[in-house]
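Asker: Got a structure for you, written out below as structure tokens; questions coming shortly.
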Amino acid sequence: NGVGLGLRWELLDELLEAKPALSFVEVSPENYMGRGGYVDDALDRVAALYPIVTHGLTMSVGGTDPLREDYLVGLRDFITRVKSPWHSDHLCFSTAGGVMLHDLLPVAFQEGEVGRIADRIKRVEDVLGVPFAIENVSSYLHPGERDMGEAEFLARVCEAADCGLMLDVNNAYVNATNFGFDVDEWMATAPLHRVVQLHIAGHDWVDEDGERLIIDTHAADVDAPVLALLERVLAKTGPKPVLLERDQRIPPLPVLLDEVL
């Protein structure tokens, strides 16, 4: 439990020197796998100070391309090395026809997709050897016809796969604001009993064709409504690890730690 911070190279040396009282750090294995040298040394130094939790970016667990077995084996070895208690990645597709799309694109919330994605999650867990959790993503369009809403789809996939939920509170807030639904009703349907960890982050407003949209940028302080939503969620889930994500416009470490701690 407690509050952690996503590990960013810009802050690495300062973090290792300051040794702030973080409960854990989160790393994306894709940034470290197969690098060696200084990268491995720095990771070992971080692991000596903090528990490490892994969170992936490129699995494409919701995609239709075959799961990349070599990637999963390398990921398993990395998770074993840093002793992450679980691994998470996004419920999305990020590859098509073998091409990396460099985006986290939403899947269709259709009945037939539940079992297909659940089978892929089970395969992932078989290879990784640790529990796996899916993260709800921010999206700006609905891909095709829907048989159900996102929260029900998450619940159905988690149940069919018997997996955890990495609940991104900001993503839920962003989608609720952009699509005009009640985020608390969404949370009432989402499988909060399966939450293993929570993400919070900042967002930015943009004007698009005369409409204002929230974009999940991880480039700003967390908004007060998102923090209030986090408190309401934690009242239902009980204490869970919470991670602050900050990937752009990263402030100096003391400023960031003020928000974390």
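Asker: What does the accessible area per residue of region 196-261 come to in Å², with a 1.4 Å probe and no ligands, DNA or RNA counted?
Answerer: So region 196-261 comes to 51 Å² accessible per residue, rounded to a whole number.
Asker: Further question on the same structure: Quick check: at a probe of 1.4 Å, how many percent of the accessible area of the chain sits on carbon and sulfur atoms?
Answerer: Carbon with sulfur: 52 percent of the solvent-accessible area.
Asker: I would also like to ask the following. What length, rounded to one decimal in nm, is gained on full extension from Thr177 through to Asp204, with 0.36 nm per residue of separation minus their alpha-carbon distance?
Answerer: Stretched fully, the Thr177-Asp204 segment lengthens by 8.5 nm.
Asker: What residue among Leu243, Leu198, Leu67 shows peak mean-square fluctuation when the chain is described by a Gaussian network model with Cα springs under 10 Å?
Answerer: Answer for the Gaussian network model of the chain: Leu67.
Asker: Decide, for region 113-261, between rounded, prolate and oblate: order the square roots of the alpha carbon gyration tensor eigenvalues as a ≥ b ≥ c, take rounded if a/c falls under 1.5, and otherwise choose prolate if a/b is larger than b/c, else oblate.
Answerer: oblate
Asker: Right, something else. When the chain is modelled as a GNM with alpha-carbon springs shorter than 10 Å, which of Ala228, Ala220, Ala161 fluctuates the most?
Answerer: Ala228
Asker: Would you mind computing Rg(Cα) / (2.2 N^0.38 Å) for region 96-162, counting N as its residues?
Answerer: 1.16
Asker: Counting only heavy atoms of the protein chains, get the accessible area per residue of region 51-190 (1.4 Å probe) and round it to a whole Å² value.
Answerer: Spelled out: the 1.4 Å probe surface of region 51-190, per residue, equals 41 Å².
Asker: Also, quick follow-up: In debye, nearest 20, what is the charge dipole magnitude of the chain about its Cα centre with +1 on Lys and Arg Cβ and -1 on Asp and Glu Cβ, if you could check?
Answerer: Dipole size: approximately 860 debye.
Asker: To continue, here is another question. Using the alpha-carbon centroid of each, what span in Å lies between region 167-213 and region 112-159?
Answerer: 17
Asker: Of the candidates Ala224, Ala108, Ala47, which one comes out as most mobile in a Gaussian network treatment of the chain with C-alpha springs shorter than 10 Å?
Answerer: Top of the fluctuation ranking is Ala224.
Asker: Here's another thing I want to ask about it. Please list the radius of gyration and Dmax for the chain, considering alpha-carbon atoms only, with Å as the unit.
Answerer: 17.9, 52
Asker: Net charge near Lys19, counting Lys/Arg +1 and Asp/Glu -1 over other residues with Cβ under 13 Å of its Cβ?
Answerer: Residues close to Lys19 contribute a combined charge of -2.
Asker: While we're looking at this one, here's another question. Given the protein chains as shown and a 1.4 Å probe, how many square angstrom of Glu152 are accessible, to the nearest 10?
Answerer: 80
The values are calculated or read from the model by the stated rules, or taken from the named source; none is laboratory data. As the structure is a prediction and not an experimental result, all values here were calculated from the model. Cβ coordinates were reconstructed from backbone atoms using ideal geometry, including for glycine residues, and neighbour counts include every protein chain displayed. Just so you know, the surface numbers come from the protein's heavy atoms only, side chains and all, with ligands and any DNA or RNA stripped out. Shrake-Rupley method; radii C 1.70, N 1.55, O 1.52, S 1.80 Å.
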